[in-house]
Amino acid sequence: MHSGEEQMKKKNSAGFDNERYLKEQTNAILERVNRFNDKLYLEFGGKILHDYHAARVLPGFDPNVKMRLLQLLKEKADVILCIHAGAIERKKVRADFGITYDADALKTIDDFSDWGIQVKAVVITRYQEQPPAKSFKNKLEHRGIKVYLHYPMKGYPADVELIVSDQGYGANEYIKTNKPIVVVTGPGPGSGKLATCLCNLYHDHRNGIKAGYAKFETFPIWDLPVGHMVNIAYEAATVDLKDEVLIDEDHLKAYHVQTVNYKRDIESFHLLKTLIEKITGREPMYQSPTDMGVNRLSSGILDDAVITEASRQEIIRRYLRCSVEYAMGLVEKEILERAGEILKRAGARLEDRKVVIPAREAARKAEINGKGNEGVFCGAAVELHDGTIITGKNSQLLHSASALILNATKHLAGLPDNLYLVPQNIIDSVNFFKKEILNGKMVSLDVEETLIVLAISALSNPAAKMALENLKWLQNCEVHLTHIPTPGDEAGLRKLRVNLTCDPEFSSKNLYVND
């Protein structure tokens, strides 16, 4: 086995047991289905696919394990995908992929299909004939995908009498399903998953089908303490929602067992309970928001110390991301201050992230040597799976992240530091093309360009070929940049699947950067 593979498996298998979790979670869902005679609407919170937050805070967690769970249940389950019309209109972006929510919905449908699971229908929620939402609807229907429309409801969610009527839930289209489990998912919070469940619950009970509702939310982990680091990491991940993890007082009162839930579910529980009672005509079986959940994530935890440290590192990453979003004008100062409070509560410092100081030292060396670009000196560092720290700094030829990738792959391939992987004439040719043909201001190579040039060089250079083959061992490595990456750097690093953070500094003195 390659040493990089050995190190990656060792690093990522210490904290979580997927098989144990799958068994417990499947049993919990089937047990919940058995409580209802006809049908269960199961709201899937979080990400079904590519749940990299969970993989980071639970080392060993398969980011696609929930899809494996669905595969086990696919003969019993229909899948409905919800997307908020407003998110389509605002072109809201999913941060980990850098794509809009409507593009993510299309990608999700394709991904489900690749796993052998067909999406039964797409629901566009809070639809008001927004032109982008209408265009998205047409695109789906032209590809043979059934689309349903749900509309904003006057008085939602407080006016129970109006909501649970033909003018409320009854005015929305009924989504026809025929399997005992209906999985309702969607990109990001606020996609309308709960309302979609309740709308169909209303129609089912009007049609004599005694359906029920449950929620499958990955975080917070209900049977871990409020102050457990993995639950604090959840608060850090949802800092823009101003969410909090709290003790579920309803559960404590009903069962004398202390559990946790997030503030939004705790605050809305009694209203939700009233809505379900009004829809079904009977007292709901749930006595608390924790009752509604079927999450068995804690059953897979093997080593609490590993989970605790991984979660602390995620809190640091989230603070750094929030700092960048604040610098770019994407979040308000109060959000950054809340992220700082969470960082302090976790007892964490930015310097606890091992790649932060080496990256900053690399930037200082670039400044001392006078090898920057347009007077800006940038540094980068990566922690490989065996703990080795590699750095890179910017120059007239390469962005710091580009230099980092070349240095790291040389190390992984066992090549000397002073070996040139990419011929000077190829770099000069690309720089000429960018400057003289495309009139670019920044001609040094970003990560995307560097990867392409490295691939070309590998055709005639065995050392470059060795470096190229070792790129895969950078997946899930920790990377820090002293400056906000350019679009080409960010796209390249995302494709390499590294865990990226950066300082809230811009890599150019120009206000507009598109290189």
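Considering TYR255, TYR326, the condition of being aromatic (Phe, Trp, Tyr) and in contact with a Lys or Arg (Cβ under 9 Å, 6 or more places away or on another chain) is satisfied by TYR326 alone. Scanning the range 422-441 for residues that are in a loop (DSSP other than H, G, I, E, B) and either of a type in the set (Asp, Glu) or touching a helix residue (DSSP H, G or I) at 6+ places or on another chain (Cβ under 8 Å) (or both) gives VAL422, PRO423, GLY440. Only one of the numbered conditions (1) farther than 13 Å from ILE83 by Cα; (2) without any contact (Cβ under 8 Å) to a residue 12 or more places away in the chain is not met by ALA214, and that is (2). Answer with yes or no whether ILE279 is touching a helix residue (DSSP H, G or I) at 6+ places or on another chain (Cβ under 8 Å), β-branched (Val, Ile, Thr) and more than 28 Å from ASN499 (Cβ to Cβ). Criteria met by ILE279. Within the range 210-255, being among the aromatic types (Phe, Trp, Tyr) and either part of a loop (DSSP other than H, G, I, E, B) or on the phi > 0 side of the Ramachandran plot (or both) holds for PHE219, TRP222.
Between GLU173, GLU89, the distinction of being of a type in the set (D, E, K, R) and within 28 Å of ALA211 (Cβ to Cβ) belongs to GLU173 only. In this structure, is ARG349 of a type in the set (Lys, Arg) and closer than 14 Å to ASP503 by Cα? Criteria met by ARG349. The set of residues from the range 83-105 being crowded, with 20+ Cβ neighbours inside 10 Å and within 18 Å of GLY45 (Cα to Cα) comprises ILE83, HIS84, ALA87, TYR101, ASP102, ASP104, ALA105.
Within the range 249-270, at least one residue is of a type in the set (Gly, Ala, Ser) and without any contact (Cβ under 8 Å) to a residue 40 or more places away in the chain.
Which ranges mark the helices (runs of 4 or more DSSP H) fully within the range 292-397 that have 1 or more residues being among the acidic types (Asp, Glu) and under 28 Å from LEU474 (Cα atoms)?
Correct list: 304-327, 356-369.
Close Cβ contacts (under 6 Å, 6 or more residues apart or on different chains) running from residues in the range 60-80 that are at positive phi to residues that are crowded, with 23+ Cβ neighbours inside 10 Å and not small (Gly, Ala, Ser) comprise GLY60/PHE16. The C-beta contact set for the range 100-113 (first residue assigned by TED's automatic domain parsing to the domain that holds MET67, second residue in a helix (DSSP H, G or I) and hydrophobic (A, V, I, L, M, F, W, C), distance under 7 angstrom, 6+ apart or interchain) comprises TYR101/ALA87; TYR101/ILE88; ASP102/ILE88; ASP102/PHE136. Taking the condition closer than 21 Å to GLY60 by Cβ and not aliphatic (A, V, I, L, M), does GLY300 pass? In short, yes.
Looking across the range 445-461, the residues that are over 16 Å from LEU419 (Cα atoms) and surrounded by fewer than 18 Cβ atoms within 10 Å (Cβ to Cβ) come down to ILE452, ALA455, ILE456, LEU459.
Tell me, yes or no, whether the range 73-81 has at least one residue that is part of a strand (DSSP E or B), touching a strand residue (DSSP E or B) at 6+ places or on another chain (Cβ under 6 Å) and over 30 Å from ASN231 (Cα atoms). For the range 73-81, residues part of a strand (DSSP E or B), touching a strand residue (DSSP E or B) at 6+ places or on another chain (Cβ under 6 Å) and over 30 Å from ASN231 (Cα atoms): present.
Regarding LEU58, is this residue closer than 16 Å to LYS193 by Cβ and surrounded by 18 or more Cβ atoms within 10 Å (Cβ to Cβ)? Here the answer is no, as LEU58 does not meet what is asked. Within the range 93-112, being more than 23 Å from ILE175 (Cβ to Cβ) and among the basic types (Lys, Arg) holds for one residue alone: ARG94.
What number of residues within the range 459-483 satisfy the criterion of being closer than 12 Å to ALA401 by Cα and modelled with pLDDT under 95?
Residues that pass the stated criteria total 0.
If the condition is being in contact with a helix residue (DSSP H, G or I) (Cβ under 9 Å, 6 or more places away or on another chain) and surrounded by fewer than 22 Cβ atoms within 10 Å (Cβ to Cβ), then the range 462-472 contributes ALA463, LYS465, MET466, LEU468, GLU469, ASN470, LEU471, LYS472. None of ARG282, ARG206 is without any contact (Cβ under 8 Å) to a residue 60 or more places away in the chain and in the same structural domain as ILE181 (by TED's automatic domain parsing) except ARG206. Among the residues making up the range 115-130, a single one is without any contact (Cβ under 8 Å) to a residue 40 or more places away in the chain and either over 18 Å from PRO187 (Cα atoms) or surrounded by 20 or more Cβ atoms within 10 Å (Cβ to Cβ) (or both): GLU129. Of the residues contained in the range 234-242, one or more are found to be aromatic (Phe, Trp, Tyr) and under 20 Å from the mean Cα position of the chain (by Cα).
Here ALA14 does not qualify as at pLDDT 90 or above and either part of a loop (DSSP other than H, G, I, E, B) or among the small types (Gly, Ala, Ser) (or both).
The values are calculated or read from the model by the stated rules, or taken from the named source; none is laboratory data. Just so it is clear, the structure is predicted and the values come from calculations on it, not from any experiment. We place every Cβ from the backbone using ideal geometry, glycine too, and count neighbours over all the protein chains shown.
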